[in-house]
Amino acid sequence: MTAIPAPSTQAKVLDALWNLLLIIVGSSLCALAINGILIPHHFISGGVTGIVLIVNALVKEIPFGPLYFLFNVPLYIFAYQAVGKRFFIYSVIGLLSFTTAATLIKIPIPVNETLLAALLGGILFGGGTGIILRSYGSSGGSDILSIILLKRFSISLGNTILAVNVLVMTLVGFLFSLEAVLYTLIYIYVSSRIVDVVVTGLSQRKAVHIISKEWQRISEEILSDIRRGVTVIEGRGGYSGQREHILYTVITFREIGQLKRIISQLDPNAFVVISDTLEVMNYRIGNQPHW
């Protein structure tokens, strides 16, 4: 087995700088959403951010940034034990960046329509959170819980964020008008979907099953043209009882079109099933999160 060479010092520095850039850009977008949309329109949000916004709305003398920092201290202790040292270090940087951005970036966004504000707020905050999660860390809050559940139980980031947010909204709904809660739920849903899109995006892997009489030629084309591994599974038709060869491969989202062209050229009557995947573990095709 050939050993994978260790990255050079220059590569490590560039990698660290890239992750810092992701954290700073993502934190800035989140701060823009909070101070430009959430607070002016009295949206609640969910998770730790929502709790801090509630306290900030009730006691306006306490700034959002420092209060958010204090609420995250217990979560970071848990993150160090559950996820790892690298994630902890980058998440501390993310927390400091997020706190600083929330304190300094206060740009008003001229959107008066409440529904449009909820949609734009979800896009900005979800995009910012997703960009931060593309790095080696997080900005704290429910992000940490989401990553722990993803690593331990393969639960989607967006689904965890959505569940936590809905729970918090249910608990604090009595403090706000029903209309405000409903608009905030729109913001939360949009934000959670955007997180999944940004984190997964075009790196989502597709699992493909192919049943064809031309299975050998299709397998050869996948190996040579797409350069993906193929597993041949022995099967038998339930109705005909005839022996079948089932090809199983995992490809990227961008390779679907190329695979379809290969199959249609070699066997237009092939039976093909393309399924979504959550995580794939492999050094060549894998998309397992890097935290």
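Every number in this text was worked out from the coordinates using simple rules, so none of it is lab data. Source: prediction; values computed, not measured. Note: ideal-geometry Cβ built from the backbone for every residue, glycine included; neighbour counts use all protein chains shown.
Highest-first packing order for the peptide set 120-129, 204-213 is 120-129, 204-213, based on the mean count of other beta carbon atoms within 10 Å. Taking the convex hull of the alpha carbon positions in the range 9-201 and averaging its projected area over all directions gives 10.6 nm². The charge dipole of the chain, taken about its Cα centre with unit charges on the Cβ of Lys, Arg, Asp and Glu (plus for the first two, minus for the last two), comes to roughly 500 debye. Helix-only arithmetic for the chain: the sum of -39500 (n - 2.57) across DSSP H runs with n ≥ 4, divided by the residue total, places the mean residue ellipticity at 222 nm at -19000 deg cm²/dmol. Given their separation in residues at 0.36 nm each and the Cα-Cα distance between them, residue 213 and residue 55 gain 50.4 nm when the chain is fully extended. Model label points for residue 227 and residue 260, set 7 angstrom from Cα along the Cα-to-Cβ axis, are 2.4 nm apart. Ranked by the mean number of other Cβ atoms within 10 Å of their residues, highest first, the peptides 237-248, 255-266, 44-55, 15-26 come out as 44-55, 15-26, 255-266, 237-248.
Estimated at 0.36 nm per residue, the fully extended path between residue 166 and residue 12 surpasses their Cα-Cα distance by 51.5 nm. Listed by chain and number, the lysines placed with their C-alpha closer than 25 angstrom to that of residue 260 are 206, 213; residues fewer than eight positions away on the same chain are left out.
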